[in-house]
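Here's the structure, in structure tokens; my notes come after.
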Amino acid sequence: MAIKYRLRKRPTNLSKDIEDGFYPQVIRSNNVDSKELASYVTGDKSFRCAAMLGAIEQIKEGIISLLEDGNSVSISGLGTFTLTAQSRLVKDPKEIRAGSISVKDVVFKVSPELMQRLRSIQFERE
């Protein structure tokens, strides 16, 4: 099955170095939540689905806990979760205390195996 896309005009007001043109934007068909994912993976068997939901919740909590401890978390064949930090810009490192640093984002880097598999996806215009 092909993924639908639309073409969007690239905004040129952000920088004078950007060329005029269009870029593809994927049209998402649905947002699959944990319950739907568990049902899909288990073939909709209610007992197995409940167990899968429990496993998803444990994995989520494990990832959060490991990130809170300063680790990155890799799931083989899927990718790696990593935290990024932010603070105000300073000229002297002595001006920053640990209390003024906060989490900026959680970055997910796709594994090479997953990226290779997804590169074969076909697209079709809406």
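Quick rundown of the values:
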{"item": "Some residue of segment 6-23 being of a type outside the set (Lys, Arg), touching a strand residue (DSSP E or B) at 6+ places or on another chain (Cβ under 7 Å), surrounded by 10 or more Cβ atoms within 10 Å (Cβ to Cβ) and touching a residue at least 40 places away in the same chain (Cβ under 8 Å)", "result": "yes"}
{"item": "Tally of residues being hydroxyl-bearing (Ser, Thr, Tyr) and within 14 Å of the chain's Cα centre (by Cα) across segment 73-105", "result": "4"}
{"item": "Complete set of residues in segment 42-88 that are aromatic (Phe, Trp, Tyr) and surrounded by 10 or more Cβ atoms within 10 Å (Cβ to Cβ)", "result": "PHE81"}
{"item": "Flag for SER29 being closer than 25 Å to LYS109 by Cβ, exposed (fewer than 11 other Cβ atoms within 10 Å of the Cβ) and at pLDDT below 95", "result": "yes"}
{"item": "Within segment 1-60, tally of residues that are aliphatic (A, V, I, L, M), in a loop (DSSP other than H, G, I, E, B) and under 19 Å from the mean Cα position of the chain (by Cα)", "result": "2"}
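Quick grid of which residues meet (1) touching a Pro at 6+ places or on another chain (Cβ under 6 Å); (2) at pLDDT below 95; (3) charged (D, E, K, R):
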{"residue": "LEU66", "(1), (2), (3)": "no, no, no"}
{"residue": "SER72", "(1), (2), (3)": "no, no, no"}
{"residue": "SER76", "(1), (2), (3)": "no, no, no"}
{"residue": "LEU89", "(1), (2), (3)": "no, yes, no"}
{"residue": "LYS94", "(1), (2), (3)": "no, yes, yes"}
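Each row is one residue, and each column tells you yes or no for (1) part of a loop (DSSP other than H, G, I, E, B); (2) among the polar types (S, T, N, Q); (3) farther than 30 Å from ILE3 by Cβ.
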| position | (1), (2), (3) |
| --- | --- |
| PHE81 | no, no, no |
| VAL103 | no, no, yes |
| VAL107 | no, no, no |
| ILE121 | yes, no, no |
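The values are calculated or read from the model by the stated rules, or taken from the named source; none is laboratory data. What you see is a predicted model, and the numbers here were worked out from it, not measured in a lab. Cβ: placed from backbone, ideal geometry, glycine included. Neighbour counts: every protein chain shown.
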